[in-house]
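Computed from the coordinates by the stated procedures, all read-outs in this text should not be read as laboratory data. Quick caveat: nothing in here was measured; it's all calculated off a predicted structure. Glycine also receives a Cβ, built like all others from the backbone with ideal geometry; neighbour counts cover every protein chain displayed.
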Amino acid sequence: MKNKRRKLMIAGAMAPALLSLPGRALAQASDHYKGKLVIVNIAGSAAGGHTRFARMLAPYLEKYLGAKELRLVNMPGGGGLKAANHIWRLKPGANEVYFGNVSTLLLANMAGSPGATFDPTKFMFLGRATSEPRVLTVGGKSAIRSVADIQKLKRPFVFPSQGTDEDFYTMAVLSDALGFQLKAVTGYEGNADTSLAVIKGDGDGHITGWSESLGAIRSGDKYPVMMVTSQPSPDYPKIPVVTQIAPAAKKGVVQAMATILETHRSYIGPPTMDPAAVAAFRAAVNAAMKDPALQAESTKGERLLSPMDGAVQQKAMVELARSSTALSPILKAAVKAIQ
Amino acid sequence: MIEAIGSGLAALLTPQALLFLFIGVIYGLVIGILPGLGGVVAMALLLPFTYGFETAATLALLLGAHIATIWGDSVTSILFSVPGSAKGLALCFDGYPMTKQGKAKRALAASATGALMGGIIGAIFLALCIPLIRPVILALGPSEYLMMALWGLTVIATFSEGSLMKGLTASVLGVLVAFIGMDVVTATPRFTFGSEFLMDGISFPVAMIGLFAVSEMMKMSIRGTPIIDRSLVREDSTVWQGICDAVGHWWLVIRSSLLGLWIGVLPGVGASVAGLAAYAQAAQTSKTPERFGKGAVEGVIAPDATMGANEGGGLMPTLAFGIPGGESMAILLVAFIGLGVVPGPEMLTKNLDLVFSMVWIIVLANIAVTVIGLGITPWLARLPSLQANLMVPIVLSVCFVGAYATRGRIEDVVVAAVFGVVGYLMDKYRYSRANFVIGMVLAVMIERNLHISLNLYGNDFLLDRPIALAMLLFVVFTAALPFLRSWRRRRAAGRGA
Amino acid sequence: MTRGTQENMISVLLLAVFGGVLWLCQDFGPRARLIPQPLAVFGIALTLIQLVWHNMGRDTAPAMEMISVDAGAIPGDGEGRPREERTQEQLGRWGEAGAFCIVALLLALVFTTGIFPAVFLFTAGYLVLSGYCTPLRGLAYSVVMTLAIYLLFVGGLEMQPYHGLLGAWFR
């Protein structure tokens, strides 16, 4: 009986490890990484969302890179800044990349965050795995029903926020571009906490990922006012898109913000990355994203993919580097206002 | 509703669901006993393996693991005065003295039975209160949470480990340590000295490992004797005594469970506060408070009953709004999405059978934990008498690996070592480690909610929030209670003389 | 060094910490220092009162009913005496310095050899040098324990081991 119990305990502890053994690589798209060790530095903890995505993608990426091993290393810290600083300092020839939320890196740098020691537009963009459209929602019982209502408010729009995350910076840019007063109330625990504040009416509205607010929108607890994306989508045709609403003079700033948000979960490499390595990695990411087995796994696990080619991302970064001069002072002023 | 209760249970009575519940419970017990790791880690690691199974089985695995970690945490607090997380801190106050007095079996059994009764009472009241949950959550805001945290701070005035001055100094230090890192309210790095690592702050579980586990091992290595020297103190208690203790204190269990349920319902307050608050209310309402801290079994039963009930309460904001009450509930939310379940008001109307399935999982998981716990108690009770020269290297090694495992950062091992030395010195010079931890737990909660309250409602926010004002009066009353009691006792003694 | 002197040294150390916090707070904005600054002042006041009272020989027992949670003072820990009365004999062969060295040694081993080799070396060394068991048994116990911890943390919890300076050098 004693032994049986012990065996069950060991089996319980070992189960996750045994179930996680990945399949070996079978095919590849380029020879550059053949037989090499590639390290993917995940900008988050082992229990976080980035890791779940990285683990799902890893066997496919390994297959199309043709690498001997694709090793996932968790490098949490500073909201991704630690991993990004590590990648920035890599010596040429290192087969290491970053995987995580790239939007926060771009915003942290533009806002002058003390932990960001890199220029994010100079990273090598290797491909996006997923990006979620952001939506501005207000409380279900709020009198606000459109951006025009926000602009007509005779008081600042109260925006509950965790702190200087991407929703905070996005709201600062929207306030500047759409011409309404903003009162950011920072200190909430996270999106769950700010959602409750919006539903209760403590705050007017906030920005979240579309899926995060979907349940509350369907139940009537929240009302969607505007999508913060660069293009309209057939999934939510009735909700206006920020790039359509913004005045002509501010369209560039808003477009830059939408571009930043759409980088979301991507692979990036150091600025010194060999062009052949960049091309091989981008090709492998693209091939992996088209793999039917990965697509099936992503649908089954509700970890939906929205790929973007690294070369396309890189071009957007060139544009972004130009418009960042306009964004930077807005973000810095927003940070100063809460200090 | 009765139909939903029945179908909720029926969904769980499949071989897959029961097997998953059992695996989850065993896995959770192991994780709970390891230092630094708790329910969040247990659930996060199980999450990838939940896709494609029955809904009830998936939830049984996740919730079963989470619930089992709570008692796992209590075990180390009672046997070694080493809480794996803040939840287990209150168990050290009376559980460890009981172990030292040769009553480890009784303490462990009382703890497991208290948790079971708390879990069941919490689940019953949860089922009854479902229609009231939304209005309650909507009525409370940051100002009320601030008052809850202040109430937690008054607990400091209730405990003493040496002098009041030193106790207060320790809590001030704890609060300041919690402020290390990037202040999210103002985007200001505080006390980080430019370090990337310190930007994320001091990990709470790692600090606990250092303050309690590492420092206890340092003490043991110096002393060279086990926690209990069997030639001096014999283990003369039984498991049955512990079960009888918990059942006999049924009124305390009910009160503590309701407190746990209440704290669980408030998003963001958390079980750390629950255990301490339960301990304080048990001591303050006792006719013999002087027995507390010296091995009173009520001091073990109350926190465990509260933490058992707390989990049911924590489910409510997650189900009613799709808003997780804590990190572990956030992981449960991810599982819901994977299962195609959309939490929100409809959960409490259209998916009521699923809600009751979860209520049943809490009940069944608690029963499984208690049965297993009571079964292994006689073996666990032998651990404190292991020789120091065997305990020290094993526990120290597990502590260091555990500290590293919490965030996967090697710097955390240094933090554990530094806090180990700090904990040793605090213990030696009688600066309360418990107060330090309470300060650390509540600091950020107080700061965040104060800033939000001032920002939303202005400087006179208490006048705008009558519930908060009433809570403040209650806080003042409970803080003054020990002084009042002492004053009355001295007056009575004076009259007697 | 007397206990009183040690207590005074701790108080001075605390004053330095609280003073340092106060000084660092000058660089923060008004909201960021809203709580830490007054708290540091409170800490300084508490420590000064403690220092004065201690040196005046006064007991700092408060006039209130408190629950003692001082587990160290509970009889039955094999000593049955409060900590202050511990004799040099009770402090073991190496005393406090030994305990500090043990923690420092394990830390140094982790950084040089990596986390699991450190666990193996430390447990084996401790078991053998403390005289708990023979070298052969010590090695056997350490192997079993290191393997168990490895399986639990790396196998069960998917922890990525730290390889230390030597590991980095070999790679």
Dipole magnitude of chain B about its Cα centre, charges +1 at Lys/Arg Cβ and -1 at Asp/Glu Cβ only, in debye to the nearest 20? 1840
quick shape note, chain A: Cα extents on principal axes in Å, largest first -> 66, 59, 39
Amide H to amide H under 5 Å from B:T188: which residues, 5+ apart in sequence or cross-chain, H placed 1.01 Å off N in plane? B:D183
Taking only the Cα positions of the protein assembly as shown, the convex hull volume per residue in Å³ is 173
Segment A:74-99 and segment B:75-92: distance between their alpha carbon centers, rounded to Å: 37
Show which lysines lie in cross-link reach of B:K294 when reach means a straight Cα distance below 30 angstrom and same-chain residues fewer than eight apart are skipped. B:K87, B:K100, B:K103, B:K105, B:K166, B:K219, B:K428
Order of B:K103, A:K250, A:K315, B:K219 under a 10 Å beta carbon neighbour criterion, fewest first: A:K315, A:K250, B:K219, B:K103
What is the sum of charges around A:T130, taking Lys and Arg as +1, Asp and Glu as -1, for the other residues whose C-beta is under 10 Å from the C-beta of A:T130? +2
Cα-only radius of gyration and Dmax that characterise segment B:367-497, units Å: 23.4, 63
Which whole DSSP H helices in chain A pass both tests: a Cα extent of 24 Å or more along the axis and a mean Kyte-Doolittle value no lower than 0.0? A:2-19, A:310-337
Helix-derived mean residue ellipticity, 222 nm - over the protein assembly as shown, DSSP H n ≥ 4, -39500 (n - 2.57), to 500: -20500 deg cm²/dmol
Debye calculation, C-alpha points only, no solvent: report log10 I(q)/I(0) for segment C:1-59 at q = 0.13, 0.14, 0.28 Å⁻¹, in the same order as the q values. -0.40, -0.45, -1.06
Length-normalised contact order of chain B, Cα under 8 Å, at least 6 apart, in percent, tallies to 29
Please report how far the C-alpha centroid of segment B:397-412 lies from that of segment A:257-316, rounded to the nearest whole angstrom. 32
Would you order A:Y223, A:Y60 from fewest to most other beta-carbon atoms within 10 Å of each residue's own beta-carbon? A:Y223, A:Y60
Cα-based shape type of chain B, given that a ≥ b ≥ c are square roots of the gyration tensor eigenvalues and the cut on a/c is 1.5: rounded
Global size of segment A:134-259 as Cα Rg and Dmax, reported in angstrom: 13.2, 37
Which lysines, on any chain, are close to A:K91 with Cα under 18 Å apart, when same-chain ones fewer than 8 places away are left out? A:K36, A:K82, A:K122
Could you tell me which of B:S195, B:P226, B:V297 has its Cα farthest along the dipole of segment B:168-302 towards the positive end, charges placed at Cβ (Lys, Arg +1; Asp, Glu -1), taken about the Cα centre? B:V297
What is the dipole size for the protein assembly as shown, taken about its Cα centre, with +1 at each Lys and Arg Cβ and -1 at each Asp and Glu Cβ, in debye to the nearest 20? 560
Just need the relative contact order of segment C:95-170 here, percent rounded to a whole number, with Cα pairs under 8 Å and 6+ apart. 38
Treating only Lys and Arg (+1) and Asp and Glu (-1) as charged, each at its beta carbon, one finds that segment A:138-209 has a dipole about its Cα centre, in Debye to the nearest 20, of 480
Just to confirm a number: summing +1 for Lys and Arg and -1 for Asp and Glu over residues other than B:Y457 whose beta-carbon lies under 12 angstrom from that of B:Y457, what do you get? -3
Going toward the positive end of the dipole of segment A:134-259, with +1 on Lys and Arg Cβ and -1 on Asp and Glu Cβ, which of A:Y223, A:G163, A:T208 do you reach last? A:Y223
Pull up the cross-link candidates among the aspartates and glutamates for A:K238, meaning alpha carbon to alpha carbon under 20 Å and not fewer than 8 places away within one chain. A:E132, A:D149, A:E212, A:D221
Once normalised by the length of chain A, the mean sequence separation of its alpha carbon contacts under 8 Å that are 6 or more apart gives a contact order in percent of 24
